[in-house]
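Working notes, beginning with the structure itself.
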Ligand code: NAD
Ligand code: UGA
């Protein structure tokens, strides 16, 4: 089977590499020539654990190729995945220009029957638009080639993308012909061993499933953050409350970790887009509007604690920030909560010293020289008035606190992810703030 994946970003590259890994012949296509040139040299555009090994192996064995030329690689393909970005437009709705551009290019260049699969996260109704673009492009060149469109939303998490793709909880496919269904069933068969399900449905339901999944997960996070903030006021400990509710199988332990708000390229934009879809249909999604509002406030919670501790006198003070990416194990800085915190600290006249294991290169594109870039967590703590844990990378989990205490001007820790043992830290002479625990 031959597949092409158009858009070689987080989703496209992981999809292409993992499909090649199980035997599919794959070409990943992108308009970004630098990205494609680098990939041909074995240089990956993103940090994603385990990905480099799979990309290199499959590139070397000839199952995975990279190209900027869709026209050249489309002949002979059975399936084309659209995996380009769907960023938020001005009103929050998903901007479909890249998806529709790719659909047009497919219609312009396809030569034989093709299943055109949208993997990008797109609102209900997009498959109809994709279909229209392909049809129009074919009409423009007087071609009449059979094809099907399908929807196959992706549920991978950054930082765990390879494992999520190879061992998915489920694969969701929206189709309206048996031919497309059989093709996708065959393509995904290797991933469905051990009883993992492929769930077929109509296309609109598949498109909606993706937004509903992300919205549900974002809701869990904003819910626990709201409860965390109340815990602080009433003298409860959200860490205990989390365990108490998570052990109820109906609630579950996943995605109820309080913190400094969800970031990343998906939850923020997908919640906005779904709210916008609701508005378009005259159906206000009140819960999701609240989810978004709570999240925007939560990104400021750590700054509020710092400001209160220092009685609003942050000017001239120096703060260490441990972790910048929106979550561990990725260099993705999109909508990272660290950016909101750092902006507030800088606005208040403070100096900021930062360290992140892999995201500093990416973060520099936004932060430039406004902060001091440090080589490790201890260098960031040197001479600082307090340290802030922002992204819970493994290497930040058990610092040498004696060393940290010596490096800091005063032993104060703001733990934005509740990973530290407050009791131990307080015993060791630190003042420690976390989320959802009254101080
Ligand atoms: P990305 O920004 O990392 O990559 C998109 C790529 O598409 C870029 O390399 C860009 O150059 C390329 N591109 C744009 N127009 C093109 C064209 N006409 N032809 C070929 N290539 C083109 O995006 P991403 O994070 O991989 O997200 C892609 C989609 O998948 C989005 O809809 C997103 O919501 C969804 N999604 C993302 C994740 C994730 O974890 N990042 C997970 C699930 C779903
Ligand atoms: C999320 C979903 O988990 C994926 O299933 C989905 O495919 C993807 O969005 C997408 O559509 O792009 P991702 O954004 O990569 O994946 O990462 P998550 O692990 O979901 O974390 C998102 C944010 O929520 C992070 O900022 C993280 O710190 C925060 N989070 C997560 C919490 O604050 N608490 C939690 O309990 C879990």
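Quick note: the coordinates plus some simple rules give every number you see, no bench work behind them. Since this is a predicted model, take the numbers as computed values, not measurements. Cβ placement follows ideal geometry from the backbone for every residue including glycine, while neighbour counts extend to all protein chains displayed.
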Wrap a convex hull around the Cα atoms of region 259-341, take a quarter of its surface area, and give that in square nanometres. 6.7
With equal scatterers on the alpha carbons only and no solvent term, can you work out the Debye log10 of I(q)/I(0) for region 1-69 at 0.16 1/Å? -0.41
When the Cα centres of region 362-376 and region 184-204 are compared, how far apart do they sit, in Å? 43
What ranking do 383-393, 132-142 get when scored by the average of other Cβ atoms within 10 Å per residue, highest first? 383-393, 132-142
Global size of region 349-388 as Cα Rg and Dmax, reported in angstrom: 10.0, 27
Test of understanding: what is the full-extension gain from residue 205 to residue 33, defined as 0.36 nm times their sequence separation minus their Cα-Cα distance? 58.4 nm
Quick one: helix 178-188 against the long Cα principal axis of the chain, what's the angle to the nearest 10°, folded into 0 to 90? 50
Between the alpha carbon centres of region 384-432 and region 133-149 the gap in Å comes to 60
Over all distinct Cα pairs, what is the inverse of the mean 1/r for region 296-368, reported as the Kirkwood hydrodynamic radius in Å? 12.6
I need the peptides 82-91, 216-225 ranked by packing, meaning the mean over residues of other C-beta atoms within 10 angstrom, with the highest value on top. 216-225, 82-91
Using only the alpha-carbon atoms of region 299-433, report the extent along each of the three principal axes, biggest first, to the nearest angstrom. 39, 31, 24
Multiplying the sequence separation of residue 248 and residue 296 by 0.36 nm and subtracting their Cα-Cα distance, what value in nm do you get? 14.4 nm
What's the ranking of 117-126, 413-422, 367-376 by average number of surrounding C-beta atoms within 10 Å, highest first? 117-126, 413-422, 367-376
Whole number please: convex hull volume per residue, Cα atoms of region 73-120, in Å³. 63
Computed over all unlike Cα pairs, the Kirkwood hydrodynamic radius of region 211-297 in Å stands at 13.6
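So if each residue of separation counts as 0.36 nm, and I subtract the Cα-Cα distance between residue 373 and residue 419, what length gain in nm does that give?
Stretched out fully, the residue 373 to residue 419 stretch lengthens by 14.2 nm.
Give me the compactness ratio for the chain, meaning the Cα radius of gyration over 2.2 N^0.38 Å.
1.07
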What's the center-to-center distance, using Cα atoms, between region 153-178 and region 23-95 in Å? 17
What per residue convex hull volume, in Å³, comes out for region 255-301 when only alpha-carbon positions are used? 72
Descending semi-axes in whole angstrom, ellipsoid equivalent of region 2-201, from the Cα gyration tensor: 24, 20, 18
